[in-house]
Amino acid sequence: MAATPEGPDATDPLADARALLARCDWPAAFAAGSQRLGTAQEEQFEAERLDLLAEASWWLGRLDECISLREAAYRSFEDRGDRRAAGQCAVWLYEHHAFKARPSIAGAWLRRARRALEDEQESVEYGSLVLREAEVTHGRGELATAAGAAADTVALGRRLRSADIEAEALQTLGRIRIDEGLAVEGLELMDEAMLFAVEGRLRPYSTGKVYCSLISACEALGDLRRAGEWSEATSRWAEDHPMAVFPGLCRVHVASSLRARGEWDRAEEEARRACDELADLNVMNAAAGHAEIGEIRRRMGDLVGAEQAFAEAEAISGRAQPGLALVRLAQGRVIEALSMITHAVGEITWNRLARAQLLPALVEIAVAADDLPTARAAVEELQSVGVDFSSPSIAAAALTAEGRVELASGEVCACATLRTAAERWNELGIPHESATARMLQGAACREAGDLDGATASFEAARDRLEHLGAALDLRHLHDITGTAPPLPAGLTEREAEVLRLVAEGLTNKQMAQRLHLSEKTVSRHLSNIFTKIDVTSRSAATAYAFAHDLVL
């Protein structure tokens, strides 16, 4: 976007619209830019007007309209021989179509941008092009080539004194360095890029891109301290740009961070808002929002809701969801679960961090399937990634996975391994993983004959899981300890049975037939149930049943 004049310029009919765009007043900028130019001005300013409208449309979330306007601006710039402006439009069109998950169209625009800017190598527009090319090369796993291009663009940004190019290039290079196994250097580069944003020296787009990229990297490495340090600033920036695309993108990352910290209700709220905001804008991140909901629902014991969320993510993205494998495990479909998670891990070739996100599930499922060789191989890979990427959370996940395998193999060292895992997770402030490790530690202590240690571990795990509302793991804990969970709200066994049938969708008549009771007796049970759990509808009763792990 062109620099904004200090004040309205009588010779520039777009001066007011440019000033409004610079102030992030997207609706007013769009309205001002929509005023048709006079015949004498059209030849000189029409391309800029179309590009300005495209920019405002993007921030208003009207991506299809933005694409149409940007394409028209490209043609207009090209017709008048302005290759630099046309090339920048082509770069943006690559970005827009990538957001819409149209890789073939996006790639065609990037190649067109290369042709337009080939002879403009000392320009901001060329730097913008090279960074997108570096991202594509990075995505193919050609890390050395991508790193060289990003480093050259950092130098270009500094020569041109362009804060936007320098910051975006630093974050691109940082992400590549992380994938090269140089996590400390990569994060330091990204922190440096963030300084530009905090200082207010970047345009809104560059600010959002740097913020979201850093938080995403922190998630992959499990660096929750760094993510927390920047997340408040991210949220503040996003709320200051309420009609922007980036709040939705940021919300997906915030939801993941909240889930890790055990704030599941808030996490689900953020994920659902992200899905709504991104539905027509960014396909892959909308799918990530649904997958996040699926993971939260699974942990809360709502397997139906989890499966629905994962199915929505798959429908949007066209990709199978590995989280569904753990749903299948919880449903007792172990062989199917193992096939799903093995396929998901196998699809990821060069990206070790992405594989590491799936390896703990592979270990858990392989152990359940009594496939200990697969589980051990996954543990070794996870340990290697934790060391090579200096990631405390991946190292903690490797300890939990190692303890699972040792427990399944009957090794006496399982108790010590899992105790250490629980301590590490607790230090990292990730309560669910800490509770899971304590639950497994209890089983290991019991196997080793340490009944007091087992009891203490089980009680600690139960307290934490109940606080989290982790119904699925509580069910597992009760299976391990051989104890039945107390029924909530003073429900009797018969009332709990009736409530389960309500959750299955049965009518009063069908419940009466199933339980060999009269419909009048079923109605009386329902009345008592509704009073005890304080609901007034069958849908609310169904939600209560899932939330309190009453559905078998």
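The values are calculated or read from the model by the stated rules, or taken from the named source; none is laboratory data. Note that this is a predicted model, so its numbers are computed, not measured. Cβ placement follows ideal geometry from the backbone for every residue including glycine, while neighbour counts extend to all protein chains displayed. Side chains are part of the model used for accessible areas, which takes the heavy atoms of the whole protein and leaves out ligands, DNA and RNA. Shrake-Rupley method; radii C 1.70, N 1.55, O 1.52, S 1.80 Å.
Write down the Kirkwood hydrodynamic radius of the stretch 330-438, to one decimal in angstroms, obtained as one divided by the mean of 1/r over all alpha carbon pairs.
Kirkwood radius, the stretch 330-438: 13.9 Å.
Size descriptors for the stretch 1-140, from the alpha-carbon set: Rg then Dmax equal 15.1, 49 Å. According to the square roots a ≥ b ≥ c of the eigenvalues of the Cα gyration tensor, what is the shape class of the stretch 263-357, taking rounded for a/c under 1.5, prolate for a/b larger than b/c otherwise, and oblate for the remainder? Since a/c reaches 1.5 but b/c is at least a/b, the shape of the stretch 263-357 is classed as oblate.
Percent of C-alpha pairs per 5 Å bin in the stretch 110-166, short distances first: 4, 22, 29, 25, 16, 4, 0.
Helices assigned as whole DSSP H runs in the chain whose Cα atoms extend at least 27 Å along their own long axis and whose mean Kyte-Doolittle hydropathy is -1.0 or higher are found at 39-59. Largest first, the three principal axis extents of the alpha carbons in the stretch 77-134 are 29, 25, 13 Å in whole numbers.
Can you work out D for the stretch 350-412 in µm² s⁻¹ from Stokes-Einstein, where Rh is the Kirkwood radius over C-alpha pairs, the temperature is 4 °C and the viscosity is 1.567 mPa s?
My calculation gives 114 µm²/s for D.
Extension gain, L160 to S390, is 79.3 nm, computed as 0.36 nm per intervening residue step minus the present C-alpha separation. With helices as the sole contributors, the chain gives -25500 deg cm²/dmol at 222 nm; each DSSP H run of n ≥ 4 counts as -39500 (n - 2.57), and the sum is divided by every residue.
Just want to confirm a number: the relative contact order over the chain, from Cα pairs under 8 angstrom separated by 6+ residues, in percent.
Relative contact order, the chain: 7 percent.
Note on the chain: lysine pairs with Cα distance below 24 Å, sequence gap of 8 or more or different chains, count 4.
Ranked from largest, the principal axis spans of the Cα set of the chain equal 86, 57, 37 Å. Judged by the mean number of other Cβ atoms found within 10 Å, the most tightly packed of the peptides 345-357, 398-410, 217-229 leads the ranking 398-410, 217-229, 345-357. Pair-distance distribution P(r) for the stretch 308-372, from all Cα-Cα distances in 5 Å bins starting at 0: 4, 19, 27, 25, 18, 6, 1 percent. Taking square-rooted eigenvalues a ≥ b ≥ c of the alpha carbon gyration tensor, is the stretch 20-73 rounded, prolate or oblate, where a/c under 1.5 means rounded and, failing that, a/b exceeding b/c means prolate? Oblate, since a/c reaches 1.5 and b/c is not below a/b. By accessible area, using a 1.4 Å probe on protein heavy atoms only, the chain has 50% of its surface on carbon and sulfur.
Using R₀ = 60 Å, calculate the FRET efficiency as 1/(1 + (r/R₀)^6) where r is the Cβ-Cβ separation of V535 and R80; round to 0.05.
Efficiency at R0 = 60 Å is approximately 0.35.
Subtracting the Cα-Cα distance of N351 and S104 from 0.36 nm times their residue separation leaves 86.7 nm of extension gain. Seen from T172, the other residues with C-beta closer than 12 Å to its C-beta sum to a net charge of -2, counting Lys and Arg as +1 and Asp and Glu as -1. Using a probe of 1.4 angstrom and keeping all protein chains present, the accessible surface of the chain works out to 44 square angstrom per residue. For the stretch 461-548, the Cα gyration tensor yields ellipsoid semi-axes of 26, 14, 11 Å (square root of five times each eigenvalue, largest first, whole Å). Here the gap between V304 and D276, fully extended at 0.36 nm per residue and compared with their Cα-Cα distance, gives a gain of 8.0 nm. Could you work out the relative contact order of the stretch 420-486, using alpha carbon pairs under 8 angstrom and six or more residues apart, expressed as a whole percent? Relative contact order, the stretch 420-486: 25 percent.
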